[in-house]
1. Once the dipole of the range 1-140 is set up with Lys and Arg at +1 and Asp and Glu at -1 on Cβ about the Cα centre, which of LEU134, HIS97, GLY60 lies farthest towards its positive end?
2. Please compute the modelled spin-label separation between MET58 and HIS93, points set 7 Å along Cα→Cβ, answer in nm with one decimal.
3. Taking springs between alpha-carbon atoms closer than 10 angstrom, which of LEU119, LEU143, LEU134 fluctuates most in the Gaussian network model of the chain?
4. So which lysines pass the test for LYS3, namely a Cα distance under 23 Å, with those fewer than 8 places away in the same chain ruled out?
5. Got a sec to turn the phi values of the range 149-162 into Karplus ³J(HN,Hα) couplings, 6.51 cos²θ - 1.76 cosθ + 1.60 with θ = phi - 60°, whole Hz, x for Gly and Pro?
6. Name the long-range amide H neighbours of VAL147: under 5 Å, sequence gap of 5 or more, or other chain; modelled H, no Pro or chain starts.
7. To the nearest 20 Debye, how big is the dipole of the range 65-209 about its Cα centre, given +1 on the beta carbon of each Lys and Arg and -1 on that of each Asp and Glu?
8. Treating only the Cβ of Lys, Arg, Asp and Glu as charged (+1, +1, -1, -1), what charge dipole size does the range 1-112 show about its Cα centre? Round to the nearest 20 debye.
Amino acid sequence: MQKITVGTLIFDNVDVLDFTGPYEVFNVTRLKEKPAFEDPSPFELLLISEYPRPVTTMGGMRVIPDYTFENCPKLDILIVPGGLGERYEHDNHIILHFLRARARQVETLATVCTGSLFLGMAGLLNGRRATTHLLSLKRMRDLFPEVNVIEDENIVEDGNIFTSSGISTGLDMALLVVAKHLGEDTARLTAREMEYPYPENNKRKISVK
């Protein structure tokens, strides 16, 4: 089968687990129940940034992007993480233009944590249900009155857009994206391979109060 191309946005002060969690889910996915270690993933994984230079994450990890916005190939799935850098970059018009353009092309657009605020700034959540990190729910409501902010769900799916709550729920969200594209059986096998529980319950893990 033709590979499903997953692009992940990275930027300075991105949260590490926000983007590495979903990346690993797609990396571990296999189409056979008992794959050999060397069997390939059905996903092609790309890291995308505004600039070709290394990105410095929260905590200081340095990551080299595969593509910039200018030379990024066609994507099937786009993942938008959050982190401290979102507060610095959420009104970056170059990032927002990239997100608006790609939102019209991808089959699935998904965010982790405060990555959803990028979509809010781009106008991509207007009239939709969405969520974000529990500490940013009020900010989301205040900034985007046209968004139906959901407090009690880990992952909110509205059309082709997935938004997920806190950092670790990016893993759950990515498993549901795998299920959407390749079926729940494949997603459950992926969770098993990771020794991670498949998301049976969509109730937010941590109380917002």
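1. Farthest along the dipole direction, towards plus: LEU134.
2. Calculated label separation equals 2.9 nm.
3. LEU143
4. Partners within reach: LYS32, LYS34, LYS74, LYS180.
5. For the range 149-162, the Karplus-derived couplings read 7, 9, 9, 9, 10, 5, 10, 10, 10, 9, x, 9, 10, 10 Hz, x marking Gly and Pro.
6. GLY127
7. Values: 17 positive and 20 negative charges, 78 e Å.
With only Lys, Arg, Asp and Glu charged at Cβ, the dipole is about 380 debye.
8. Approximately 200 debye in magnitude.
Bear in mind that the values in this text are calculations on the coordinates, not laboratory data. On a predicted model such as this, the values are computed, not experimentally measured, just so you know. Cβ sites come from the backbone with ideal geometry, for glycine too, and all protein chains shown count toward neighbours.
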